[in-house]
Amino acid sequence: MDKPLSRRERKKDKTRQALVEVASRLFAERGIYATRVEDITERSDLGKGAFYNYFESKNALIAELLVRGIELLHREYVRDLATTSQSSRIASLVTAHEAFFDDHPVYVLLFHQARGLASMKAGGHEVLTAVFVDYLRRTGELIVSPEDRTHIDPSDLMDVAALLLGAVAGHRSFRGAGGLGLRSSVVTEALLAGIPTALAARVRKPT
């Protein structure tokens, strides 16, 4: 049985959660680039220095939000794919991501801008890179069956995952920018036409 948290620990958890929730709202309003640590602490009614008692940096807080979003996605939107065909897996992953972004639009902006930060060559973004590496790995493993996974290089699976996730996010972004409605069926059809061929070409031959 877990030991109950002390009053001090409960207060610390409450403050940390408040910082995360305030940051999420500010990121939705202003984006992660324009939101400063001072903005988060001021809205939370805390001194700037207090922020660093809970997070090493703004990127660390962003990473926590990303992890929470990815866990929510997998827990509530990505159904068990263990016994489905590859085409069903691809279609289900597209549908799951579309539904997740529909229900939690803040993550559309958060994922997009955090990818931009993680891609920068300047230092300090390793914590974000680690989150996206794990996200790609988990998605890649869901695209193929456990049996087929043993015959494909993990880096190839991550490449295919990047294709799927990029297609979903890019299609949504461009259609939104053009004032058009979303049509996930187009993404699904394109991915179903391309991913199986790409994977088949990357299956390791027995030696």
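Put simply, the amide H of ILE152, placed in the peptide plane, has neighbours under 5 Å in ARG204, leaving out anything fewer than 5 places away on its chain. Comparing mean-square fluctuations of SER24, SER155, SER92 from a GNM of the chain with C-alpha springs under 10 Å, the top value falls on SER155. Averaging 1/r over each pair of different alpha-carbon atoms in the chain and inverting the result gives 18.9 Å, the Kirkwood hydrodynamic radius.
Suppose R0 equals 35 Å. What FRET efficiency, 1/(1 + (r/R0)^6) with r the Cβ-Cβ distance, do ARG25 and ASP153 give to the nearest 0.05? That gives a FRET efficiency of 0.30.
Report relative contact order for region 1-55 in percent, whole number only (criteria: Cα-Cα under 8 Å, sequence separation at least 6).
That works out to 29 percent.
Rounded to whole numbers, the Karplus 3J(HN,Hα) couplings from phi for region 145-158 are 6, x, 5, 5, 4, 6, 9, 10, 4, x, 5, 5, 5, 5 Hz, using 6.51 cos²θ - 1.76 cosθ + 1.60 with θ = phi - 60°, and x at Gly and Pro. Dividing the mean sequence gap of close Cα pairs (under 8 Å, 6+ apart) by how many residues region 55-204 holds gives a relative contact order of 28 percent.
Computed from point charges on the beta carbon alone (+1 for Lys and Arg, -1 for Asp and Glu), the dipole magnitude for region 57-207 about its Cα centre is near 280 Debye.
Only the coordinates and a few stated rules stand behind these numbers; no lab work does. What you are looking at is a predicted structure, and each value in this text was computed from that prediction instead of being measured. When we count neighbours, we look across all protein chains shown, and the Cβ atoms used for this are built from the backbone with ideal geometry, even at glycine.
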